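Student: The structure is given below, and queries will be raised subsequently.
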Amino acid sequence: MFFKEDILNELPKKAKIVVGIPSYNNSSTISFVAKTAAEGIREYYNSDGIIINSDGGSKDGTKEAFMKTDTRNIPKVAFDYIGLAGKGSAMLSIIEIARHLNAEALVFLDSDLKSVRPWWIERLTGPIIKKLSDYVTPYYRRHKYDGTITNQVCYPLTTALYGQEVRQPIGGDFGIGKELFDSFLIEAEKIAKTDVARFGIDIWLTTKYLVLSKKPLYQAALGAKIHDPKDPGSDLAPMFTQVVGTLFDLTLENAGKWKRINSITQAPIYGEIPEVTPEVVNINVDNLKNQLIDGLNDEITKNLAGKHLDNILKERKVSLEEWVDILYNALIKYSSSKDKTLIKSLVPLYFGRVADFAEITIDMNEKDAEDFIRNQVKVFLDKKETLTEKL
C-alpha cells in the first residue's frame, strides 16, 4: 500500500469520480487546480466525487494550501504517500484509493497547471463513462519548445512501435476507468522500486494500455497546456533518464506485440479542439550545444554517436536521421546490458537533437512546427525494421 491505512477513515464509502493531484512543492498552483476540479465534478457529475492530493513531502506547504482551498461540497483529502520519492508512487497511491472507493473513473491532473478548466473533467472521463475506452490521454496545444522529451522520443517512438498515434503519451493529465485499476496495481510491487515510481509512470501506464487493452485509447481535446515549463538543457536530464529508461524496458518487454505492427492509425480525439495560442517557452540553444559537446567527452556517449560522431562534432547538433539511428542503436545495446548508464549517456545527444529542432523551427508558427513534429514519426517508422531484426 502506498499510503497509511488510517487515510481510509477520511474517505466516503463511494465516489463516482476521483480527481488525483500528485504534488511536490506546488503550493502556488495547487489551489487553482483543486478549485477547478471541484467545479468540474459539480457541473458534470452532480458533485459525486472527491479530490485526492498525494504529496511527496513538500516543504512549501503544498498540502496545507490544498486543504485550505474552498471546494464547497466536494470532499478532499491530502497525505504523504509511502514509497520511493516520485510521481509514480503518488499516482499509484491514488489508484489504490480510487479502487477502494469503487470509482467509475479516475482523473489525474498535474499540480502546476495554470490552464485547467472545469470541462477538462468531462473530457478526460467522457469516453470512459460512455464505454468507449478505459484510458484517455490529453490532447493539448503546446508551444513548439514545450514537451521536448515527448516530441523527440516518446511520441514518435510509441507511435511507430504500437501503431496508434498518441500525441501526448506522457502528458500528465489522464483519465483511467475502473476496469484498469486492478491491471495496474497487480504490478505495483514489481515497479515500486523502479523508475516507474518516479517519472516513468506516465509512459508505463500508456504503454500498458496500448499493449493489453482491446478498447481504443482516446485523446481528450483540452486546449492549451500552460504550466511551469522546463528548459531541457537545465531541468530535464533526470526526467529523460527515468522516462526513456522505462520506455526502453517496455519496448523490450513487449517486442512480441510491436514487431507485428507496420502501420499507424490516429487514436480518436474526444471533443472539439479549441483554437488557442499556448504561452511561449524559451530554450537556450547555445547551452544545449555546449552540453552536447561536453557530453561527447564521455566514451559511452561517443560510442552511441557511432558513425555520426564526426558530423555531430562539426555541426554541434544532431539531425533527425542521426537521432533515430542513435536512439535505435542505444535500444539495441541496452537490450543486452540493461545498463541505465547507457540511458544517461544519451542525454547530451538528446540536447543536440533539441538544438537542431529549435534552429529548424525558429521562424515557424505553431501549426508548421506541429506538422514538422508529426512528420518525424515517418522516419521512426521507416527505420523500425532495424529494431525488428535485432531485438
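Student: Can you report the number of residues in the range 359-383 which are under 19 Å from residue 326 (Cα atoms) and under 23 Å from the mean Cα position of the chain (by Cα)?
Tutor: Residues meeting the conditions: 8.
Student: Just need a number here: residues in the range 4-38 that are open to solvent by 10 Å² or more (accessible area, probe 1.4 Å), within 14 Å of residue 49 (Cα to Cα) and part of a loop (DSSP other than H, G, I, E, B).
Tutor: Residues that pass the stated criteria total 5.
Student: For residue 199, state whether it is within 27 Å of residue 117 (Cα to Cα) and either without any contact (Cβ under 8 Å) to a residue 12 or more places away in the chain or crowded, with 17+ Cβ neighbours inside 10 Å (or both).
Tutor: So residue 199 fits the description; yes.
Student: Continuing with the same structure: Which residue is surrounded by the most Cβ atoms within 10 Å (Cβ to Cβ), if the candidates are limited to the range 286-316 and must be among the acidic types (Asp, Glu) and in a helix (DSSP H, G or I)?
Tutor: So, considering only residues that are among the acidic types (Asp, Glu) and in a helix (DSSP H, G or I), the one surrounded by the most Cβ atoms within 10 Å (Cβ to Cβ) is 315.
Student: Has the range 230-248 got any residue that is free of Cβ contacts under 8 Å to residues at least 40 places away in the same chain, surrounded by fewer than 16 Cβ atoms within 10 Å (Cβ to Cβ) and among the basic types (Lys, Arg)?
Tutor: Looking through the range 230-248, none of the residues is free of Cβ contacts under 8 Å to residues at least 40 places away in the same chain, surrounded by fewer than 16 Cβ atoms within 10 Å (Cβ to Cβ) and among the basic types (Lys, Arg).
Student: Take the residues in the range 118-149 that are under 15 Å from residue 45 (Cβ atoms) and open to solvent by 20 Å² or more (accessible area, probe 1.4 Å); name whichever of them is nearest to the chain's Cα centre (by Cα).
Tutor: 123
Student: Give 212, 296, 309, 236 a once-over and let me know the one that is out of contact with any Phe, Trp or Tyr (no Cβ under 6 Å at 6 or more places or on another chain), of a type outside the set (Ser, Thr, Tyr) and under 21 Å from residue 159 (Cα atoms).
Tutor: Result: 212 is the single residue among 212, 296, 309, 236 that is out of contact with any Phe, Trp or Tyr (no Cβ under 6 Å at 6 or more places or on another chain), of a type outside the set (Ser, Thr, Tyr) and under 21 Å from residue 159 (Cα atoms).
Student: Looking only at the range 173-203, how many residues end up being in contact with a strand residue (DSSP E or B) (Cβ under 9 Å, 6 or more places away or on another chain) and within 26 Å of residue 320 (Cα to Cα)?
Tutor: Going through the range 173-203 one residue at a time, the tally reaches 1.
Student: Follow-up. Is there any pair with a first residue in the range 211-223 that is among the acidic types (Asp, Glu) and a second that is open to solvent by less than 30 Å² (accessible area, probe 1.4 Å) and in a helix (DSSP H, G or I) whose Cβ atoms are under 8 Å apart and which are 6 or more apart or on different chains, and what are they?
Tutor: Hits for this filter: zero, empty list.
Student: Exactly one condition in (1) closer than 30 Å to residue 272 by Cβ; (2) crowded, with 24+ Cβ neighbours inside 10 Å; (3) touching a residue at least 40 places away in the same chain (Cβ under 8 Å) is not met by residue 226; state its number.
Tutor: Residue 226 satisfies all of (1) closer than 30 Å to residue 272 by Cβ; (2) crowded, with 24+ Cβ neighbours inside 10 Å; (3) touching a residue at least 40 places away in the same chain (Cβ under 8 Å) except (2).
Student: Considering only strands (runs of 3 or more DSSP E) fully contained in the range 76-168, which possess at least 1 residues that are under 23 Å from residue 245 (Cα atoms)?
Tutor: Per the criteria, 105-108, 135-141.
Student: Quick check on my filter: what residues within the range 271-307 are closer than 16 Å to residue 322 by Cα and of a type in the set (S, T, N, Q)?
Tutor: 301, 303 - these are the residues of the range 271-307 that are closer than 16 Å to residue 322 by Cα and of a type in the set (S, T, N, Q).
Student: Cβ contacts < 8 Å: first residue touching a residue at least 24 places away in the same chain (Cβ under 8 Å) and under 30 Å from residue 321 (Cα atoms), restricted to the range 125-152; second residue part of a strand (DSSP E or B) and open to solvent by 20 Å² or more (accessible area, probe 1.4 Å), any location; separation 6+ or different chain. Result?
Tutor: Note: pairs meeting the criteria are 137/218; 139/269.
Student: Could you tell me which of the residues 276, 243 is more than 21 Å from the chain's Cα centre (by Cα) and closer than 29 Å to residue 123 by Cα?
Tutor: Being more than 21 Å from the chain's Cα centre (by Cα) and closer than 29 Å to residue 123 by Cα holds for just one of 276, 243, which is 276.
Student: Quick one: how many residues across the range 212-223 are open to solvent by less than 40 Å² (accessible area, probe 1.4 Å) and modelled with pLDDT under 95?
Tutor: So the count comes out to 2.
Student: Checking residue 359 against (1) in contact (Cβ under 8 Å) with a residue 40 or more places away in the chain; (2) open to solvent by less than 60 Å² (accessible area, probe 1.4 Å); (3) of a type outside the set (Val, Ile, Thr); (4) in a helix (DSSP H, G or I): exactly one of these is not met. Which one?
Tutor: Against the list (1) in contact (Cβ under 8 Å) with a residue 40 or more places away in the chain; (2) open to solvent by less than 60 Å² (accessible area, probe 1.4 Å); (3) of a type outside the set (Val, Ile, Thr); (4) in a helix (DSSP H, G or I), residue 359 comes up short only on (2).
Student: Then there is this: May I ask you to say which residue of 74, 97, 50 is open to solvent by less than 10 Å² (accessible area, probe 1.4 Å) and closer than 25 Å to residue 200 by Cβ?
Tutor: Among 74, 97, 50, only 97 is open to solvent by less than 10 Å² (accessible area, probe 1.4 Å) and closer than 25 Å to residue 200 by Cβ.
Student: Let me ask something else about it. Go through the range 249-280 and count every residue that is among the hydrophobic types (A, V, I, L, M, F, W, C), out of contact with any helix residue (DSSP H, G or I) (no Cβ under 7 Å at 6 or more places or on another chain) and surrounded by 17 or more Cβ atoms within 10 Å (Cβ to Cβ).
Tutor: The qualifying residues number 1.
Student: Can you tell me which residues in the range 40-67 are part of a loop (DSSP other than H, G, I, E, B), under 24 Å from residue 100 (Cα atoms) and either at pLDDT below 95 or over 23 Å from the mean Cα position of the chain (by Cα) (or both)?
Tutor: If the condition is that a residue be part of a loop (DSSP other than H, G, I, E, B), under 24 Å from residue 100 (Cα atoms) and either at pLDDT below 95 or over 23 Å from the mean Cα position of the chain (by Cα) (or both), then 46, 47, 48 are the ones that fit.
Student: Continuing with this model, one more query. Suppose we filter 345, 335 for residues that are surrounded by 14 or more Cβ atoms within 10 Å (Cβ to Cβ), over 26 Å from residue 144 (Cα atoms) and touching a Leu at 6+ places or on another chain (Cβ under 8 Å); which single one remains?
Tutor: 335
Student: A further question follows. Looking at (1) among the hydrophobic types (A, V, I, L, M, F, W, C); (2) open to solvent by 20 Å² or more (accessible area, probe 1.4 Å); (3) part of a helix (DSSP H, G or I), can you tell me which one residue 283 breaks?
Tutor: Among (1) among the hydrophobic types (A, V, I, L, M, F, W, C); (2) open to solvent by 20 Å² or more (accessible area, probe 1.4 Å); (3) part of a helix (DSSP H, G or I), residue 283 violates only (3).
The values are calculated or read from the model by the stated rules, or taken from the named source; none is laboratory data. None of these values were measured; they are calculated from a predicted model. Quick reminder, even Gly has a Cβ in these numbers, built from the backbone with ideal geometry, and neighbours come from all protein chains shown. Remember, those area values only see protein heavy atoms, side chains included, never the ligands or the DNA or RNA. Shrake-Rupley method; radii C 1.70, N 1.55, O 1.52, S 1.80 Å.
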